[in-house]
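See below for the structure under consideration.
The values are calculated or read from the model by the stated rules, or taken from the named source; none is laboratory data. Predicted model only: the values in this text are computed from it and were never measured. With ideal geometry, Cβ positions are generated from the backbone for all residues, glycine too; neighbour counts draw on all protein chains shown. These accessible areas exclude ligands, DNA and RNA; they are computed on the full protein's heavy atoms, side chains included. Shrake-Rupley method; radii C 1.70, N 1.55, O 1.52, S 1.80 Å.
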Amino acid sequence: ESVLSESCFPVKTAHGHIKYLIDKQVDIIFLPSFVNLNKQDDFFEKGFACPYVQTIPYVAKIAFPGIRAVTPVINMSRGRAFLEKELRKVFRPFKVKASRISKALDSAQAAQDMFTKEIKSKGSEMISSLDKRAVVVVGRAYNAFDRGMNLDIPRKLADLKVLSIPMDFLPIENEDISGEWPNMYWRSGQKMLSAAKIISADPRLYALNIGNFSCGPDSFIIKYFENEMSGKPYLHLEIDEHSADAGAITRCEAFLDSIENKQAEPGHSEIKPKKKTAPAQLSGRRKVYIPRMSDHSLALAGAFEYCGIDAEVLPESCKEAVDIGRKYVSGKECYPCAVTTGDMVKKALENGFDPERSAFFMPSGSGPCRFGQYNVFHRQVMGELGLENVPIFSPNQDENFYKDLGIVGKDFSMRAWKGVIAISLLKKCLHETRPYEKERGVSDAVYRELLDDVVQSVRGTDGRIEDVLRKARREFGGIRRDDENRPLIGIIGEIFVRSNNFSNENLIQKIESLGGEAYLAPVEEWLLYINLMGLRKLLIKKDWSGIIEPLLKRFFQKRTEHGFANHFRGFLETLHEPDTRDLLDMAEPYIHSSFEGETILSIGKSIDLVRRGASGIINAMPFGCMPGTIVSGMMRGLNRDFGIPCLSISFDGTESLTTVIQLEAFIDQARDYKNGSVKKVSSSK
């Protein structure tokens, strides 16, 4: 009843625990933000908790106004000193001495080590003496091993005379899967895939994977888990607050029967693991195909071509392509994954597509949201199509981003950046002009012509970008306009859906048709954030030599941004964008910067929009998007603190009249807010 947005079962349960404690009138709730749970010497440097888990304390502070909580940031990869520092900081108001905290940590570590040692000892003893079939319970500890969350299934299996073993009994810490799954940045995924590797190789063991409905990471991990199981049967149970014992038991019984039948088949033997193929490599003789997230993709293609690599932006997404993509997804992945998969597969199935001379571009990410898994998923789909030799070029969006991009030429990133900034400025001109144009269609025609000019300039084939921007100022300035009093509607949210006209069902045009003016959060906001986060990580590592390049990149990026903006001073109302550090500072009262990704940018940008005089904010998100769902909950806090109307819209490819009805009501609210019919709260709050 306290949950602010539709999240997963464990998060709902966490809210229940918090509410229980509040009702018990406890003085303080210890509510850490668990970010990275891997230590420095683990196989994987990153061992993220999922976004929902990381942000439980921040969402709770909005769900339960007035809650008194201490919220240290738990990042085990930064070592004991960082942990002690965080604990000293949160317990300072209680006058707890540093020596007591250090002593308590020593005791806690000793207890944890003893517990882990006993688990491994018991597991080794049990596995070595096992002489019959056993089921290994796999999953996250908070739902797979909690009796209230797992419907007490291990006990029910015992009633069926079946031995069940928790996956922590297996020697999963000895299984290095970083070679097969190098970008598995979720700790739960690392443990589950390591367990799958052991289970698939042992004829006595079978897997019962316990998850929950709408688990974001599992939407990808389960596909990888199946790959590691190499054809060996397993049962995946999704449990939520509506699950009943009877259904779970029936499925367990059916699974056990299927195992018995399989073992009874004549000549039955375990299926050998599938051979894993190494990703194909990008080379200059291949043509790079780029999914069209937005018109900014054209700048990337131009930069590739400037560096001597043939490139083409895929056609705008359409229903046909998405229908193709849905054949390869389970339906649980992010909507942009289905869209980009469909776009890629559609191209790969076209007559004349040459696998030996083609590649796809899909950047990677280092978590905690699901975007970093897209390229892994796309490689698997290409494998299913028999196109293992088609590479997916996927530079990682972390401190190595520019180093990865350097393989296509040292000028690629800056050339692309100039194109991205120029296109963003053209977008601002379009969005500020089109709602007010007297002659419909003129702004779009001017925009398309100028867009082509910018792309040609990025390619290096026709003139300077600065000349195009001067022309843009003249041509947009010459369009005759009406004098209307329209509410300014800010659009934040997941970068693909908010930027992709097909995926967001032409949201901007709908806002304009209903009497609003749209202010779209710019694409470069994310690129600048990546740069800043990369710098911070290099500073933490004290990699002084590595810092120089991103510092120079940032300097030239900001210089380009300011130089291009000069052409529109006094013309564009939405010209100035805040520095990334300012966005993080604005978001700080709601969410800590240790939680990385689009959530903090969306919250920071929302507050910036309030200060600019926006009359409403729309959070455009894919259905089930973890950062988007968190933003949706936190916008309750923004509405409470600033009074501004806020609306979250989930998109999944199923166009609905409900969206238009929601927008109509929302624009009316925004108009009232603008005209002062709704009481505004000071934006200095």
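So how far, in whole Å, is the C-alpha centre of segment 648-665 from the one of segment 54-106?
When both Cα centres are located, 40 Å separates them.
Within the chain, what's the longest stretch lacking chymotrypsin sites (Phe, Trp or Tyr not before Pro) that sit in DSSP loops with no more than 16 other Cβ atoms inside 10 Å?
Of all site-free stretches, the longest is 354-570.
Taking P(r) over Cα pairs in 20 Å bins from 0, in percent straight from the coordinates, which label in (1) 17, 43, 31, 9, 0; (2) 16, 49, 30, 5, 0; (3) 17, 45, 26, 10, 2, 0 is the correct one?
Among (1) 17, 43, 31, 9, 0; (2) 16, 49, 30, 5, 0; (3) 17, 45, 26, 10, 2, 0, the one calculated here is (2).
Please list, in chain and number order, the residues 5+ apart from Ser358 or on another chain whose amide H is under 5 Å from its amide H, with Hs placed from the backbone.
Answer set, sorted by chain and number: Lys287.
Straight distance only, please: which aspartates and glutamates reach the Cα of Lys122 with their own Cα at less than 17 Å, same-chain residues fewer than 8 apart left out?
By straight Cα distance, Lys122 reaches Asp113, Asp131, Asp168, Glu173.
Determine how large the accessible area of His567 is when every protein chain is in place; take a 1.4 Å probe and give Å² rounded to the nearest 10.
40
With a 1.4 Å probe and all protein chains in place, put Cys625, Cys318 in order of accessible area, largest first.
The ordering from most to least exposed comes out as Cys318, Cys625.
For segment 89-103, take each phi angle, set θ = phi - 60°, evaluate the Karplus expression 6.51 cos²θ - 1.76 cosθ + 1.60, and give the result in whole Hz per residue in order, putting x for glycine and proline.
Once θ is set to phi - 60°, the couplings for segment 89-103 become 5, 6, 9, 4, x, 9, 6, 8, 6, 4, 5, 5, 5, 4, 5 Hz.
Pop a pseudo-label 7 angstrom from the Cα along the beta-carbon direction at both Asp652 and Lys120 and give the gap in nm to one decimal.
Here the modelled spin labels are 4.3 nm apart.
Which residues in segment 315-350 have a backbone N closer than 14 Å to a point placed 7 Å from the Cα of Leu385 along the Cα-to-Cβ line?
315, 321-329, 338-350
Segment 281-355 to segment 156-225: how many Å between their Cα centroids?
Centre-to-centre (Cα) distance: 32 Å.
What figure, in Å² to the nearest 10, do you get for the accessible area of Lys541 with a 1.4 Å probe and non-protein molecules left out?
Rounded to the nearest 10, the figure is 100 Å².
Of Lys553, Lys122, which has the most accessible area with a 1.4 Å probe, and how do the rest follow in descending order?
Lys122, Lys553
For the chain, what does the relative contact order come out to in percent, with C-alpha contacts under 8 Å and a separation of six or more?
Computed over the chain, the figure is 12 percent.
Determine the dipole magnitude for segment 521-582: charges of +1 sit on the beta-carbon of Lys and Arg, -1 on that of Asp and Glu, nothing else is charged, the reference point is the Cα centre, and the result goes in debye to the nearest 20.
For segment 521-582, the charge dipole is close to 380 debye.
I need the trypsin sites (Lys or Arg not before Pro) found in segment 424-494, filtered to DSSP loop residues with at most 15 other beta carbons within 10 Å of theirs.
Here the sparse-neighbourhood loop sites are Lys438, Arg440, Arg464, Arg480.
In whole Hz and in residue order, list the ³J(HN,Hα) couplings for segment 239-245 that follow from phi through the Karplus curve 6.51 cos²θ - 1.76 cosθ + 1.60, θ = phi - 60°; x for Gly and Pro.
Values per residue, Gly and Pro as x: 10, 9, 5, 9, 5, 10, 3 Hz.
Distance check, please: which entries in Lys61/Lys510; Lys161/Lys197; Lys97/Lys191 exceed 28 angstrom between their Cα atoms?
Lys61/Lys510; Lys97/Lys191
How large is ³J(HN,Hα), in whole Hz, for each residue of segment 49-66 in order, when computed from phi with the Karplus curve 6.51 cos²θ - 1.76 cosθ + 1.60 and θ = phi - 60°, using x for Gly and Pro?
Rounded to whole hertz, the list is 6, 6, x, 4, 5, 4, 9, 3, x, 6, 5, 4, 5, 8, 5, 10, x, x.
Under a 5 Å amide H to amide H cut-off, with H placed in plane at 1.01 Å, what residues pair with Ser364 once short-range neighbours are removed?
Asn396, Gln397
Starting from the residue with the highest accessible area, list Met293, Met114 in decreasing order, probe 1.4 Å.
Met114, Met293
Could you give the distance between the Cα centres of segment 506-557 and segment 583-606, to the whole Å?
13
Once amide H atoms are built 1.01 Å from N in the peptide plane, which residues 5 or more positions from Phe651, or in another chain, come under 5 Å H to H?
Amide H neighbours of Phe651, under 5 Å, 5+ apart: Met621, Phe623.
I'd like the accessible area for Arg147, computed on protein heavy atoms only with a 1.4 Å probe and all protein chains in place. Round to 10 Å², please.
My reading of the accessible area for Arg147 is about 150 Å².
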